[in-house]
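> Provided herewith is a single structure, encoded as structure tokens, for subsequent inquiry.
The values are calculated or read from the model by the stated rules, or taken from the named source; none is laboratory data. All figures in this text were calculated on a predicted structure; none of them were measured in a lab. No Cβ is skipped: glycine too gets one built from the backbone with ideal geometry, and neighbour counts run over all protein chains shown.
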Amino acid sequence: MPNLSELVDPTHTTIITMELQKGIVGDEAILPALPIAVREAGILDVAGQVCRTARTAGVRIVHQTMQSRADGAGQAINCKIFAIGAKRRAEVGYEPTDIGRPGAELVDELDVQPSDIEVPRMHGMTPFTGTELDAVVRNLGTKTIVLMGVSLNLGIIGGALSALDLGYQVVIVRDAVVGLPKEYGDAVLANTLSMIATIVSSDELIAAWSRT
């Protein structure tokens, strides 16, 4: 395996943030415990700092987001978490990440820049399936994907497994991801994701880019 500086060389590395949107990690979230965990862990400030350093180093940033139609068309209600979202739509007339709503926006801490790329999806749980994400990052010359965001329960696991299967090296920033409950997220990092990805702290990643 290459050392960390080689693994995350800016010439072949892309950051993917996962669902760091106001309607998912903010006050309108359909899972209220998630934004609480995000605030307690401080992952938004960490993700913002990593993104700022990455841009300076020449690393491209891609934001993977969930954006629903106002009528919910195109989404299957085929699991518990999607049913929770559908119940919210039935009760108040919308989901937080509907296209055009404030909740679909990326969080302010990411300080999104014109060089960043946003790849939305309107169905499913994982970032690569049924989206243009693989084509976009592959066309950027990407060999290593750095994952940050939510959550260790579902999206980060799905993103890491898909990226692995597609042939990418995967790096996960441990202090820029969170799961519910925290102990479960820590166990997923230690017992599952460590088997398929390189787990690093933001300080280690920033230091690696500072040496390039």
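> Among the residues of the range 7-14, are any among the acidic types (Asp, Glu), modelled with pLDDT of 95 or more and on the phi < 0 side of the Ramachandran plot? Working first, answer last.
Start the filter on the range 7-14 by keeping residues that are among the acidic types (Asp, Glu), which leaves 9.
Cutting the leftovers down to modelled with pLDDT of 95 or more gives us 9.
Now narrow it down to the ones that are on the phi < 0 side of the Ramachandran plot: 9.
Yes, the conditions are met somewhere in the range 7-14.
> From the list Gly103, Gly149, pick out the single residue that is at positive phi, crowded, with 19+ Cβ neighbours inside 10 Å and either in contact with a Gly (Cβ under 9 Å, 6 or more places away or on another chain) or among the aliphatic types (A, V, I, L, M) (or both).
Answer to the selection: Gly149.
> Could you give every pair whose Cβ atoms fall below 8 Å, whose first residue belongs to the range 41-66 and is under 22 Å from Ala163 (Cα atoms), and whose second residue is basic (Lys, Arg) and in a helix (DSSP H, G or I), counting only separations of at least 6 or pairs across chains?
Cβ pairs passing all conditions: Ile61/Arg55.
For every residue, the table says whether it meets (1) among the β-branched types (Val, Ile, Thr); (2) touching a residue at least 60 places away in the same chain (Cβ under 8 Å); (3) closer than 16 Å to Ile61 by Cβ.
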{"residue": "Arg89", "(1), (2), (3)": "no, no, no"}
{"residue": "Pro96", "(1), (2), (3)": "no, yes, no"}
{"residue": "Ile99", "(1), (2), (3)": "yes, no, no"}
{"residue": "Leu106", "(1), (2), (3)": "no, yes, yes"}
{"residue": "Val112", "(1), (2), (3)": "yes, no, yes"}
{"residue": "Ser115", "(1), (2), (3)": "no, yes, yes"}
{"residue": "Thr126", "(1), (2), (3)": "yes, no, no"}
{"residue": "Ile145", "(1), (2), (3)": "yes, yes, yes"}
{"residue": "Gly155", "(1), (2), (3)": "no, yes, no"}
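> Could you go through the range 182-193 and let me know if any residue there is on the phi < 0 side of the Ramachandran plot, outside any helix (DSSP H, G or I), buried (at least 19 other Cβ atoms within 10 Å of the Cβ) and out of contact with any Phe, Trp or Tyr (no Cβ under 8 Å at 6 or more places or on another chain).
Within the range 182-193, none of the residues are on the phi < 0 side of the Ramachandran plot, outside any helix (DSSP H, G or I), buried (at least 19 other Cβ atoms within 10 Å of the Cβ) and out of contact with any Phe, Trp or Tyr (no Cβ under 8 Å at 6 or more places or on another chain).
> What is the one condition in (1) over 15 Å from Ile15 (Cβ atoms); (2) surrounded by fewer than 23 Cβ atoms within 10 Å (Cβ to Cβ) that Gln169 does not satisfy?
(1)
> Wholly within the range 71-165, which helices (runs of 4 or more DSSP H) include no fewer than the required count, namely at least 3 residues that are under 15 Å from the mean Cα position of the chain (by Cα) and at pLDDT 95 or above?
Answer list for the range 71-165: 133-139, 155-165.
> Scan the range 193-212 and tell me whether some residue there is at pLDDT below 95, of a type in the set (Lys, Arg) and over 25 Å from Ile77 (Cα atoms).
Yes, that holds for at least one residue.
> Can you work out which of the residues in the range 1-23 that are among the acidic types (Asp, Glu) and touching a Ser or Thr at 6+ places or on another chain (Cβ under 8 Å) is surrounded by the fewest Cβ atoms within 10 Å (Cβ to Cβ)? Please lay out each step first, then the result.
Just the residues of the range 1-23 that are among the acidic types (Asp, Glu), to begin with: 6, 9, 19.
Then drop every residue that is not touching a Ser or Thr at 6+ places or on another chain (Cβ under 8 Å), which leaves 9, 19.
Details: Asp9: 18, Glu19: 23.
Filtering first and then ranking leaves Asp9.
> Picking from Ala41, Ala33, which residue would you name as being under 30 Å from Ala208 (Cα atoms) and either at pLDDT below 95 or not aromatic (Phe, Trp, Tyr) (or both)?
The match here is Ala41.
> Does Ala86 satisfy the condition of being more than 23 Å from Ala160 (Cα to Cα), exposed (fewer than 11 other Cβ atoms within 10 Å of the Cβ) and not acidic (Asp, Glu)?
Taking the combined requirement at face value, the residue does not satisfy it.
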